[in-house]
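A.B. asks: I have a structure I would like to understand better, so I am pasting it below and will then ask my questions one at a time.
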Amino acid sequence: MMATLVWLRRDLRLDDNPALTVAAAHGPVAPIFVWAPDEEEPWAPGAASRWWLHQSLSALSAELEAADAPLRLACGPSAEALLAECRRTGARRVVWNRLPEPHLQGRDEAVAHALASAGIETAAFDACTLWRPGSIRNGSGNGFQVFTPFWRAAAAIPVVEPLPRPARLRGVEGDGGGMPPAGLGLLPAVDWAAEMRRAWQPGEAGALEALDAFAAGPVARYAADRDFPALPGVSRLAPHLHFGEVSARRVWHALCQGPPQGAPSEPFLRQLAWREFAHDLLAHHPKTDTEPLRSEFARFPWRSDPEALRRWQCGRTGYPIVDAGMRELWATGWMHNRVRMIAASFLVKDLLIPWQEGARWFWDTLVDADLANNTMGWQWVAGCGADAAPYFRVFNPVLQGARFDPTGAYVRRWAPELAGLPDRALHAPWEAPADVLRAAGVELGRSVPRPMVDHSQARQEALAAYAQVAAGR
Ligand SMILES: Cc1cc2nc3c(=O)[nH]c(=O)nc-3n(C[C@H](O)[C@H](O)[C@H](O)COP(=O)(O)OP(=O)(O)OC[C@H]3O[C@@H](n4cnc5c(N)ncnc54)[C@H](O)[C@@H]3O)c2cc1C
């Protein structure tokens with residue numbers, strides 16, 4: 001029987017994988033992953049994503065080897081690698097699951113065309129999102145720009161039941177060997193990933209474990225705990241979802257047995273639907289990865305300040321909650337959502353540095369870097385996107401810290417040089433009396449940076465800059 005090639009991309013799982021299931025139903029399967037970062041420009045995976053991808057491919061390789069359908073790894077161009085693999089295995093059909101990002105659609109079309117020219121059949125499936133991006137429309141047939149009506153419309157559409165993993169896979173006879181994941185060169189030359197290895201278990205087994213652990217407890221307290229970065233209140237599923245180690249449909253059905261609205265897990269399902277909203281927005285507005293959705297923001301008087309950007313990136317702004325967040329990101333490739341909002345707000349509103357600079361840094365350092373979610377998150381914070389926080393709502397990093405990290409456990413973990421301060425002084429050490437600082441071993445300007453800007457003054461400058469945009473000047 002002729003083999004079917006399964007072109008895996010960001011669907012690195014056996015469960016709920018329509019391309020794999022269809023291929024397995026037709027006979028032998030030849031799974032292949034092609035590393036072709038040039039084809040993904042300007043959004044080739046960043047350094048943290050590459051680290052994750054290496055681990056995820058290693059896990060999937062082992063899984064597919066054990067299932068008797070070894071994974072082939074190749075380097076791009078994709079069309080050439082797939083054609084070569086068809087020749088090697090005798091496959092006459094290639095199947096894959098679609099990627100949602102608009103800038104990647106052209107590649108799929110070109111690959112389908114090249115394969116068809118060689119007489120090879122192709123088929124593509126939906127497996128990344130709950131609902132097809134761009135398919136949820138309002139009464140006038142347009143996409144939504146506000147989340148709540150999007151959620152109302154989407155929640156009324158049943159989510160497709162996930163497929164079980166194929167009962168049996170059969171690889172191409174005598175196949176095996178091939179390039180190991182290390183051959184793709186995804187790992188950094190200098191090993192900076194020790195903390196990431198401790199924090200994560202990339203791969204399908206790790207994803208399902210994270211889902212089970214979340215379903216067994218934290219989901220019930222999600223609404224109350226999700227804003228407190230020191231609590232284990234969120235699922236940490238984002239990188240697993242991004243790389244497709246678990247499908248959004250599997251997550252949805254694991255946590256939602258009846259109608260989503262009014263379900264105990266609704267607060268979490270709503271959040272999962274923000275991911276859908278982000279993909280929907282990007283499908284309707286493909287240029288928003290670099291351009292503000294609200295076009296008047298193209299005139300915003302941003303500043304270019306490489307030194308200030310560097311201090312933010314390194315977690316040396318002098319604002320403890322911002323610095324703790326930026327260091328959590330650097331060490332683990334992830335930052336809690338509440339802290340992402342505070343740190344992002346500090347960059348765009350306190351420093352007036354363009355949101356695109358922050359989005360680029362997150363793209364390189366997040367293990368869950370995702371074009372749709374990252375774009376929406378940054379535009380939301382900057383006030384220039386859909387359903388955005390109004391520009392004049394400027395997060396106060398001291399008040400946010402005191403409110404969402406009241407015991408200081410989060411700041412003490414990621415900014416240990418402040419650990420000896422009493423709770424009341426932790427989020428604004430520059431206001432603490434000299435004897436309190438001395439007792440805690442804190443030397444302002446030496447062991448701990450002084451705040452790089454005065455927040456209330458920076459807020460006034462941000463509001464003035466915004467007024468300029470609003471007045472169309
Ligand atoms: C400036 C900024 C940048 C961001 N960049 C990214 C990014 O690159 N990739 C990314 O996945 N998320 C991004 N987010 C959204 C959010 O911070 C993360 O999805 C979340 O922190 C991931 O942790 P979790 O899996 O524990 O989330 P949970 O709270 O457990 O939520 C479950 C899932 O729902 C989705 N989700 C939750 N909140 C959001 C949201 N606000 N927007 C979109 N989807 C959401 C994610 O897929 C998440 O994994 C960004 C947010 C901000 C403010």
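Please treat every number below as a calculation from the coordinates, not as lab data. What you see is a predicted model, and the numbers here were worked out from it, not measured in a lab. Using ideal geometry, Cβ is built from the backbone for each residue, glycine included, and neighbour counts are taken over all protein chains shown.
A.B. asks: Tell me whether the chain comes out rounded, prolate or oblate; compute the Cα gyration tensor, take square roots of the eigenvalues as a ≥ b ≥ c, and use a/c under 1.5 as the rounded threshold.
C.D. replies: Cα axes put the chain in the prolate bin.
A.B. asks: So for Glu39, Glu328, Glu65, Glu109, fewest C-beta neighbours within 10 Å to most, what's the order?
C.D. replies: Exposure proxy ranking, most exposed first: Glu109, Glu65, Glu39, Glu328.
A.B. asks: Still on this structure: Does region 9-114 classify as rounded, prolate or oblate by the C-alpha gyration tensor (a ≥ b ≥ c root eigenvalues; a/c under 1.5 gives rounded; else a/b over b/c gives prolate, otherwise oblate)?
C.D. replies: Verdict is oblate for region 9-114.
A.B. asks: What length, rounded to one decimal in nm, is gained on full extension from His253 through to Arg137, with 0.36 nm per residue of separation minus their alpha-carbon distance?
C.D. replies: 39.4 nm
A.B. asks: If you don't mind, there's one more thing I want to ask. Along Cα→Cβ, 7 Å out, is where each label goes; now give me the distance between the ones at Asp191 and Leu399 in nm to one decimal.
C.D. replies: The modelled label-to-label distance comes out at 4.6 nm.
A.B. asks: Can I ask one more? Over the chain, what relative contact order in percent results from Cα pairs under 8 Å that are six or more residues apart?
C.D. replies: Answer for the chain is 17 percent.
A.B. asks: Using only Cα atoms, locate the centre of region 31-63 and the centre of region 147-209, then give the distance between them in Å, rounded to an integer.
C.D. replies: After rounding, the separation between the Cα centres reads 10 Å.
A.B. asks: Starting from the Cα gyration tensor of region 314-473, take the square roots of the eigenvalues, sort them a ≥ b ≥ c, and report rounded, prolate or oblate (rounded when a/c is under 1.5, otherwise prolate if a/b is larger than b/c, else oblate).
C.D. replies: It is oblate, given that a/c is not under 1.5 and a/b is not larger than b/c.
A.B. asks: On to the next question. What is the fewest-to-most order of Thr290, Thr317, Thr365, Thr122 by other Cβ atoms lying within 10 Å of their Cβ?
C.D. replies: Result, fewest neighbours first: Thr290, Thr122, Thr365, Thr317.
A.B. asks: Calculate for the chain the 222 nm mean residue ellipticity that helices alone would give, adding -39,500 (n - 2.57) per DSSP H run of length 4 or more and normalising by residue count, nearest 500 deg cm²/dmol.
C.D. replies: Rounded to the nearest 500, the figure is -13000 deg cm²/dmol.
A.B. asks: Among Cys256, Cys128, rank each residue by its count of other Cβ atoms within 10 Å, from fewest to most, as a rough exposure measure.
C.D. replies: The most exposed by this proxy come first: Cys256, Cys128.
A.B. asks: I've got another one for you. Roughly how many Å is it from the Cα centre of region 66-136 to that of region 382-403, as a whole number?
C.D. replies: Distance between centres, Cα-based: 41 Å.
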